[in-house]
Structure formats: C-alpha cells, structure tokens
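Trainee: Here you go, one structure.
The values are calculated or read from the model by the stated rules, or taken from the named source; none is laboratory data. Not measured: the values here are computed from a predicted model. Cβ coordinates were reconstructed from backbone atoms using ideal geometry, including for glycine residues, and neighbour counts include every protein chain displayed. Each accessible area value is taken on the protein alone, full model and side chains, heavy atoms only, with ligands, DNA and RNA left out. Shrake-Rupley method; radii C 1.70, N 1.55, O 1.52, S 1.80 Å.
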Amino acid sequence: MTTRRSDTVVEEESYYHCISRCVRRAFLYGQDSYSGKNYDYRKDWIRERLQFLVTIFCIEMLACALMDNHLHLLIRTLPELLQSLTNFDVARLWLTLYPPLCGDATEEAISALARNDARIAVLRKRLGSVSWFMKSLNEFIARKANKEDDCKGR
C-alpha cells in the first residue's frame, strides 16, 4: 500500500525516488502505437523544465529516467540551502517560478513579497517540498501536452 508523501517527508536532508505516470494511454515521449504520432520532442520539454526547477527549488536531481509513459527521478532535499535563503531570495525564486499575471517580477514586487514574513514562511517551505517540485513539473508538462492534444486532465 502506498504512503502519502506528507507522512514520509522529513525536515532533514533526504533522498526520494519519485515516479510520475501518464494517463489515458498517453505517451510522454516516443512513438505512440495507437495514434502513430512521434512525441520524441517532448523529452526536451521535460529536460528543460527539470533544469529550470533545480535552479528554483532547494532540491538536487541525482538521476532521471524518462520512459515512454512515465518518468523516474532520484532527488535529494537540501534543507541547509533552504534555510540559508534570505526572504528576498525566497520571493525572487517564487516569482520566477510563478510570475505575476502582469508579466515578469519587478524588484518592487519581489521586495513587497519579501516583507510579508508569513507568506515567505509558506513559500520557503514550498521551495523545499518534494510535492511542490513534482507538481511544478507535472502541471507544466500536462498543460503543454494537453494544449497540443486538445484535451484536459492530468
């Protein structure tokens, strides 16, 4: 039986094997035998997103295996790095990951967020969270693939 990540994640440096799987017989990349389409270019989406996410989160990617319809990640949390971030760093990283609706994050927007200690505490925790890391990967890829495939869902 599986265990919720919230019940297994600890505050100290830890290693995790994460798996993310496609649904509806969808192909993450490779040759889809049902539709005949080749999705090899999506591998670049995943690589680029992972490279971006490890610059934002206090998580290190140790290994990655991309399969036709799922992926495996071996990651390590970096709580010491997370605690060393200033409020300004946390705000800047978060607004880089989730920019304001009006466009890029300005110094003014970053500074305003950095002064909100309660919000920074929440965001700091998220920047060290395996769940938020995987959400930020999966949601981005799903939205991009769904737009291309003209469908909805995970």
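Trainee: Where does the charge balance sit around ALA118 when Lys and Arg score +1, Asp and Glu -1, over other residues with C-beta under 13 Å from its C-beta?
Mentor: On the way: positive: ARG115, ARG119, ARG124, LYS125; negative: ASP117.
Residues near ALA118 contribute +3 overall.
Trainee: Roughly speaking, what is the stretch gain from SER20 to LYS125, that is 0.36 nm per residue apart minus the C-alpha to C-alpha distance, in nm to one decimal? Kindly include the intermediate steps, with their values, before the conclusion.
Mentor: Details: separation 105, 0.36 × 105 = 37.80 nm, distance 2.19 nm.
Using 0.36 nm per residue and subtracting the Cα-Cα distance, I get 35.6 nm.
Trainee: Along the charge dipole of region 115-154, Cβ charges K/R +1 and D/E -1, which of ASN138, GLY128, ALA118 sits furthest on the positive end?
Mentor: ALA118
Trainee: Among rounded, prolate and oblate, which fits region 67-116 when a ≥ b ≥ c are the square roots of the eigenvalues of its C-alpha gyration tensor, a/c under 1.5 means rounded, and a/b larger than b/c means prolate?
Mentor: oblate
Trainee: Taking a ≥ b ≥ c as the square roots of the Cα gyration tensor eigenvalues, with a/c under 1.5 meaning rounded and otherwise prolate when a/b beats b/c, else oblate, which class fits region 39-154? Each step should come with its number before you reach the end.
Mentor: Details: a/c = 2.58, a/b = 1.51, b/c = 1.71.
Because a/c hits 1.5 or more and a/b fails to exceed b/c, region 39-154 counts as oblate.
Trainee: With the radius of gyration and the Kirkwood radius both derived from the Cα set of region 32-93, what is their ratio Rg to Rh? Before the final figure, lay out the partial values.
Mentor: Values: Rg = 15.9 Å, Rh = 13.9 Å.
Reported Rg/Rh, Kirkwood definition of Rh: 1.14.
Trainee: Suppose all protein chains stay in the model; what accessible area per residue would a 1.4 Å probe give for region 42-134, in Å²? Don't skip to the end; give the middle numbers.
Mentor: Values: 4900 Å² over 93 residues.
In whole numbers, region 42-134 has 53 Å² accessible per residue.
Trainee: Here is a follow-up. Counting only protein heavy atoms and a 1.4 Å probe, tell me what percentage of region 70-154's accessible area is made up of carbon and sulfur.
Mentor: Values: 2780 of 4970 Å².
Here carbon and sulfur together make up 56 percent of the probe-accessible area.
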